[in-house]
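The values are calculated or read from the model by the stated rules, or taken from the named source; none is laboratory data. This one's a predicted model, so the numbers in the text were calculated from it and none came from an experiment. Glycine gets a Cβ as well: all are built from the backbone with ideal geometry, and neighbour counts include every protein chain shown.
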Amino acid sequence: MTIDTPTGVLEAPYADLLDAITPETGEVRDILDPATGELIGRAPVHTVEDLDRAVATARAAQPAWAALGHERRSELLLAAADAIDANAEALAHLLSREQGKPLNGPNARFEVGGASGWMRAAAATPLETEVVFDDGQTHAELTYRPIGVVGAIGPWNWPQMITVWQIAPALRMGNTVVVKPSEFTPLSVLALVHVINSVLPEGVLRVVSGGRDVGAALSTHPEVGKVMFTGSTATGKAIIRSSADTVKRLTLELGGNDAGIVLPDVDPKAIAEGLFWGAFINTGQTCAALKRLYVHEDVYDAVCDALVDVARAMPMGVGLDEQNVLGPLQNRQQFEIVDRLVEAAKASGARVLLGGEPDRDQPGNFYPTTLIADIHDGAPLVDEEQFGPALPIIRYRDLDEVIEKANGTDVGLGASVWSSDRERARAVAARIEAGTVWINSHGAVHPMVPFGGAKQSGYGLEFGVEGLKALGVPQVING
Ligand code: NAD
């Protein structure tokens with residue numbers, strides 16, 4: 001199998017993986033390259049009956065997996081991380097073609113590296129039994145038992161890394177897992193699971209590549225004890241409702257509309273690149289990306305100018321071209337959301353500093369890097385989650401007012417404060433209603449640092465020891 005790349009026709013490094021995951025029979029979905037519209041491969045369209053079979057298999061495999069104990073399971077997860085590393089280029093190329101993100105920059109290779117890194121961290125994080133009370137008479141210990149079968153439902157923006165965020169702690173804690181990838185990016189997840197399953201015992205990790213109906217069935221399934229969900233707030237609410245009858249545990253990582261607040265003491269040129277990547281990582285298709293930038297009037301023009309200089313220099317194009325660091329939007333629906341929000345901003349008199357003129361007749365979904373100034377709260381580009389490469393930059397004068405605006409949404413995933421005075425920035429950060437507030441950066445996550453949302457951005461924590469605890473049933477042994 002060959003692929004056309006900007007540097008010539010190449011043997012696709014993922015050809016063997018794609019062969020292994022392409023079904024010989026049954027209904028399939030064509031998966032098209034979002035940069036070119038070309039056919040990449042065909043994904044199975046699994047049904048609710050396939051899901052039932054996968055859950056039954058995972059259920060049957062769970063006791064033996066739990067019985068292996070933490071040490072052996074960690075060894076197997078480390079072997080899985082090695083397998084990801086050994087297949088890293090193939091996984092990154094397939095991810096780049098299916099999701100659209102370039103190989104280079106904080107994109108496809110970075111994501112595959114993150115997938116193996118988080119797998120290793122979940123394997124290595126110690127989880128000790130905790131003596132919670134001991135007065136000589138009462139001795140109480142807190143420990144964590146496996147839940148059973150865990151469902152993992154994921155989005156299309158970071159499909160491989162988010163799958164590992166969901167499955168690695170679940171497996172480590174002695175659960176078996178059924179994964180339901182986004183219908184937009186199934187191949188990346190099917191290939192990842194295929195690689196991981198080369199080292200795991202049969203039945204421990206299953207993938208069901210169906211549509212929303214299969215996601216809905218997973219979240220009502222009586223044999224599934226917990227759902228790890230990352231996706232939109234609307235779907236998160238549907239999952240809360242459909243999980244109620246079986247009282248499923250849930251970790252919900254939902255949408256955001258992260259604010260960044262730039263204080264007047266910054267050096268605009270020094271922060272411009274950090275601001276850019278905070279907003280435009282993965283071409284803006286990132287849950288905890290900077291989505292509303294509030295800049296103090298004293299430095300407003302200088303920050304706008306510095307951002308334009310950085311943004312102009314970042315090449316956007318086909319992912320397999322090694323020079324690109326920005327790619328297309330993954331799907332046409334997302335292109336249309338960004339287009340609508342920017343058009344509304346333009347119609348309201350906001351000033352386009354860069355971009356804002358997409359080619360609507362192209363075969364791909366490229367939306368140009370767009371910076372919009374002189375825009376205000378109330379504009380849809382400020383109030384709604386754009387999830388794409390268009391950043392509104394809002395001028396402010398009063399700190400109390402801007403904090404009120406940053407908090408004036410019903411979501412609260414991340415936020416950032418930019419200042420040359422760390423203590424001053426920390427004081428502002430403490431007033432922001434968000435799960436994470438970064439200082440002089442935005443969106444950086446680490447496998448040992450807990451991550452989760454406030455308000456309607458969801459509940460539950462991922463990563464680190466908190467993330468492991470979320471995949472177990474707490475049990476107190478008292479006596
Ligand atoms: P989405 O909610 O449309 O879909 C996510 C997944 O849910 C898909 O696999 C889909 O098939 C499944 N699904 C759809 N309906 C379902 C139902 N009724 N029951 C169960 N599953 C169902 O989200 P998306 O468009 O793929 O992702 C983009 C959104 O995800 C953005 O809002 C973004 O902010 C959010 N996101 C959040 C995080 C985070 O960590 N908080 C990370 C990435 C993305």
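Assorted remarks:
- Selected residue (only one of 213, 245, 267 is surrounded by fewer than 22 Cβ atoms within 10 Å (Cβ to Cβ), outside the structural domain of residue 61 (by TED's automatic domain parsing) and more than 26 Å from residue 413 (Cβ to Cβ)): 267
- Any hit, segment 337-358, residues being under 21 Å from the mean Cα position of the chain (by Cα) and closer than 24 Å to residue 91 by Cα: no
- Test: residue in segment 122-139 that is under 30 Å from residue 477 (Cα atoms) and buried (at least 24 other Cβ atoms within 10 Å of the Cβ): yes
- Strands (runs of 3 or more DSSP E) (entirely within segment 321-417) containing at least 1 residues that are hydrophobic (A, V, I, L, M, F, W, C) and within 16 Å of the ligand (Cβ to nearest atom): 390-396
- Scanning segment 426-464 for residues that are of a type in the set (A, V, I, L, M), assigned to a loop (DSSP other than H, G, I, E, B) and away from the ligand (no atom under 14 Å from the Cβ) returns 430, 432, 448.
- Scanning segment 162-186 for residues that are within 21 Å of residue 41 (Cα to Cα) and either outside the structural domain of residue 73 (by TED's automatic domain parsing) or crowded, with 24+ Cβ neighbours inside 10 Å (or both) yields 163, 179, 180, 181, 182, 185, 186.
- Every residue from segment 206-224 that is within 7 Å of the ligand (Cβ to nearest atom), charged (D, E, K, R) and touching a Gly at 6+ places or on another chain (Cβ under 8 Å): none
- Filter pass, residue 463 being surrounded by 17 or more Cβ atoms within 10 Å (Cβ to Cβ), in contact with an Asp or Glu (Cβ under 9 Å, 6 or more places away or on another chain) and among the aromatic types (Phe, Trp, Tyr): no
- Filter result for residue 86 (hydrophobic (A, V, I, L, M, F, W, C) and crowded, with 24+ Cβ neighbours inside 10 Å): no
- Candidates in segment 466-479 are the residues that are at pLDDT 95 or above and part of a loop (DSSP other than H, G, I, E, B); of these, the one that is surrounded by the fewest Cβ atoms within 10 Å (Cβ to Cβ) is 470.
- Pairs, first assigned by TED's automatic domain parsing to the domain that holds residue 472 in segment 128-145, second among the small types (Gly, Ala, Ser) and in a strand (DSSP E or B), C-beta under 7 Å, six or more apart: 132/140; 133/140; 144/472; 145/472
- When residue 463 is tested against (1) under 18 Å from the mean Cα position of the chain (by Cα); (2) over 21 Å from residue 150 (Cα atoms), just one condition goes unmet, and that condition is (2).
- Scanning segment 225-249 for residues that are more than 6 Å from the ligand (Cβ to nearest atom), among the aliphatic types (A, V, I, L, M) and either on the phi > 0 side of the Ramachandran plot or in contact with a helix residue (DSSP H, G or I) (Cβ under 6 Å, 6 or more places away or on another chain) (or both) returns 227, 228, 247.
- Yes/no for residue 247 being without any contact (Cβ under 8 Å) to a residue 60 or more places away in the chain and in contact with a Pro (Cβ under 6 Å, 6 or more places away or on another chain): no
- Filter result (charged (D, E, K, R) and touching a Pro at 6+ places or on another chain (Cβ under 8 Å)) within segment 418-464: 462
- Among residues of segment 258-296 being β-branched (Val, Ile, Thr) and away from the ligand (no atom under 16 Å from the Cβ), the one that is farthest from residue 354 (Cα to Cα) is 266.
- Residues of segment 105-137 satisfying the condition of being aliphatic (A, V, I, L, M) and in a loop (DSSP other than H, G, I, E, B): 127
- Test for residue 55: is it within 26 Å of the chain's Cα centre (by Cα) and over 30 Å from residue 122 (Cα atoms): no
- Matching residues, segment 145-183, being within 18 Å of residue 56 (Cα to Cα), among the small types (Gly, Ala, Ser) and within 15 Å of the ligand (Cβ to nearest atom): 151, 152
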